[in-house]
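The structure under discussion appears below in the form of structure tokens.
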Amino acid sequence: MTNLISQAYDPEKFRQQGHQLVDKLANYLADMQHISPSEKVLDYVTPEAMYSHWQQDLNGSLDDGEKDFFEEIIQSTIHMHHPKYMGHQISNVAPLSALAELLGATLDPGMGVYEQGNAAVVLERVLSKKLGAMIGWDDNCDGFLTSGGTLGNLTALLCARQLLVEVDVWENGYGRKQYAFMVSSEAHYSVERAIKVMGLGSKGVVTVPVDSHFRMRPDKLEACFNKAKEDGVEVIGVVTSSCATATGSYDPIGPVADFCEAKKLWLHVDGAHGACVLFSKKHKHLLAGIERADSVIMDFHKMLMTPALVTSVLFKNGEHSYQTFAQKASYLWDKQESREWYNLAKRTFELTKSCMSIRVYALWRTYGEAFFAENVDRLYGLAMTFTNILLEQPDFEVAVKKPESNIVCFRLMMENWSEEKIEIVNSNIRERVVRDGEFFIVQTKVQGRLFLRTAFMNPFTTTNEMELLIKKIRLVANMP
Ligand SMILES: Cc1ncc(COP(=O)(O)O)c(C=O)c1O
């Protein structure tokens with residue numbers, strides 16, 4: 001055994017380093033909960049400067065003494081636990097889930113088959129059955145976890161393709177027919193990406209218009225379907241955005257399900273962001289009709305506080321999930337046709353994947369479903385509060401006056417400003433706010449118009465931070 005290997009695996013060293021790191025992180029969390037006015041969300045450094053720093057660091061050419069690597073990473077990473085973080089919808093990680101990740105990362109068994117993944121594989125099934133029951137499905141439902149909503153959408157749509165296209169695409173390709181899925185114009189780009197990865201091209205995406213709240217219009221489905229048919233395109237499924245990423249609006253699943261049933265189409269619910277309301281008595285109505293979906297995805301690494309990536313992929317009929325990938329792998333299992341729920345890689349895109357179930361299970365087992373519900377209710381409530389504050393400001397416009405989720409799109413504007421001027425002003429505001437580092441917000445286009453966007457991810461954010469943000473925006477726009 002070399003000295004280096006012995007050092008790297010020394011249990012006592014690990015104990016010491018682990019304790020130090022946990023202390024550091026506990027201090028970080030304490031700082032975030034008792035924030036001083038000067039504590040930035042992000043100490044912004046240009047990508048080039050950051051690159052040069054770490055390049056020199058690895059080359060040993062930095063003249064800055066023996067800096068603590070972990071401490072430096074904390075300093076040079078955005079602080080998601082800061083109450084002024086209101087940016088992209090990434091978890092405000094609950095500490096216990098981070099510890100569970102450390103456990104999973106240390107044991108790291110692989111997860112592709114039961115004899116490798118053991119308990120963590122079984123937990124995936126327990127969680128999937130539980131979520132299926134919350135959707136309203138019977139015990140025929142099944143599912144698994146995968147690495148992100150993007151991959152989750154692709155996996156579910158691949159399954160739909162395998163079942164609904166009359167030729168065996170997996171073995172023989174598409175033949176001459178053009179197939180498509182219908183999605184709203186507000187769908188997350190990962191849906192279009194999945195369709196294109198499946199080789200269906202632009203014609204594979206049939207776009208359905210949205211209403212004034214940016215929700216899919218079910219009354220337009222028939223016309224879009226017929227137009228596609230006239231163009232020689234066979235629609236095989238509909239994807240609802242539950243909710244849409246830009247505005248947080250929920251497509252009406254019930255009427256879409258009526259249409260899918262009538263036409264015998266697959267119904268996929270992209271609940272990466274918004275299916276978390278399954279836990280909330282107050283907001284679950286936004287998913288009315290979800291029990292009629294064929295497949296659903298939901299990210300735990302958004303409002304359910306786990307470290308990325310943990311996406312639940314769920315099928316009403318668990319049998320369907322075995323048909324997505326029909327490939328032989330004799331070194332892992334004897335027969336492709338047999339359906340062992342515990343050999344996950346038969347149904348997931350990944351073979352080796354992280355031990356993600358532990359991160360969810362640790363939270364669920366310790367704090368119960370109520371913990372997830374409280375977080376969702378809190379974050380959705382913050383968006384409603386912020387919208388109400390904005391509606392009282394004469395110089396702000398909001399895209400959705402009654403937000404359905406934790407997302408608020410808004411912008412500074414004066415009556416005499418052109419759309420072009422509004423865009424320039426707000427884009428500059430966002431740039432200056434982020435570079436300054438006091439807040440983190442993002443921007444998005446809503447039906448072609450630029451808006452600032454906040455996604456409330458941190459339950460410790462209060463109205464105080466909202467009021468300070470409005471002040472900050474006016475200040476950087478020179479409109480105090
Ligand atoms: C509606 C929706 N679908 C899919 C995704 C992609 O999820 P992920 O970032 O986990 O790949 C997102 C991400 O924001 C989303 O909001």
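Val183 satisfies every condition listed in (1) more than 14 Å from Val233 (Cβ to Cβ); (2) within 13 Å of the ligand (Cβ to nearest atom) except (1). For the stretch 249-259, the criterion of being farther than 24 Å from Ile407 by Cα and buried (at least 22 other Cβ atoms within 10 Å of the Cβ) is met by at least one residue. Restricting attention to the stretch 346-375, which residues are assigned to a loop (DSSP other than H, G, I, E, B) and open to solvent by less than 30 Å² (accessible area, probe 1.4 Å)? Listed by number, the residues that qualify are Arg347, Thr348, Glu350, Lys353, Cys355, Gly368. Checking each residue in the stretch 195-237 for being under 24 Å from Phe325 (Cα atoms), among the hydrophobic types (A, V, I, L, M, F, W, C) and part of a loop (DSSP other than H, G, I, E, B) picks out Met198, Leu200. Remark: pairs (first residue in the stretch 457-480, without any contact (Cβ under 8 Å) to a residue 24 or more places away in the chain; second residue assigned to a helix (DSSP H, G or I); Cβ separation under 7 Å; 6+ apart in sequence or on different chains) = Pro480/Arg474. Residues in the stretch 82-116 that are small (Gly, Ala, Ser) and part of a helix (DSSP H, G or I) were compared, and the one that is nearest to the ligand (Cβ to nearest atom) is Ser97. Across the stretch 163-193, the number of residues qualifying as outside any helix (DSSP H, G or I) and surrounded by fewer than 20 Cβ atoms within 10 Å (Cβ to Cβ) comes to 11. Kindly evaluate Glu420 against the criterion of being charged (D, E, K, R), open to solvent by 10 Å² or more (accessible area, probe 1.4 Å) and in contact with a helix residue (DSSP H, G or I) (Cβ under 8 Å, 6 or more places away or on another chain). No, not satisfied.
Assigned to a loop (DSSP other than H, G, I, E, B), in contact with a helix residue (DSSP H, G or I) (Cβ under 7 Å, 6 or more places away or on another chain) and more than 30 Å from His188 (Cβ to Cβ) - does that describe any residue in the stretch 15-33? No; the residues of the stretch 15-33 include none that is assigned to a loop (DSSP other than H, G, I, E, B), in contact with a helix residue (DSSP H, G or I) (Cβ under 7 Å, 6 or more places away or on another chain) and more than 30 Å from His188 (Cβ to Cβ).
Taking His79 as the residue in question, decide whether it is in contact with a strand residue (DSSP E or B) (Cβ under 7 Å, 6 or more places away or on another chain) and either closer than 18 Å to Val434 by Cα or assigned to a helix (DSSP H, G or I) (or both). Break it down stepwise before answering.
Details: in contact with a strand residue (DSSP E or B) (Cβ under 7 Å, 6 or more places away or on another chain): yes; either closer than 18 Å to Val434 by Cα or assigned to a helix (DSSP H, G or I) (or both): yes.
Here the answer is yes, as His79 does meet what is asked.
The values are calculated or read from the model by the stated rules, or taken from the named source; none is laboratory data. What you are looking at is a predicted structure, and each value in this text was computed from that prediction instead of being measured. We place every Cβ from the backbone using ideal geometry, glycine too, and count neighbours over all the protein chains shown. Note: areas computed on protein heavy atoms with side chains; ligands, DNA, RNA excluded. Shrake-Rupley method; radii C 1.70, N 1.55, O 1.52, S 1.80 Å.
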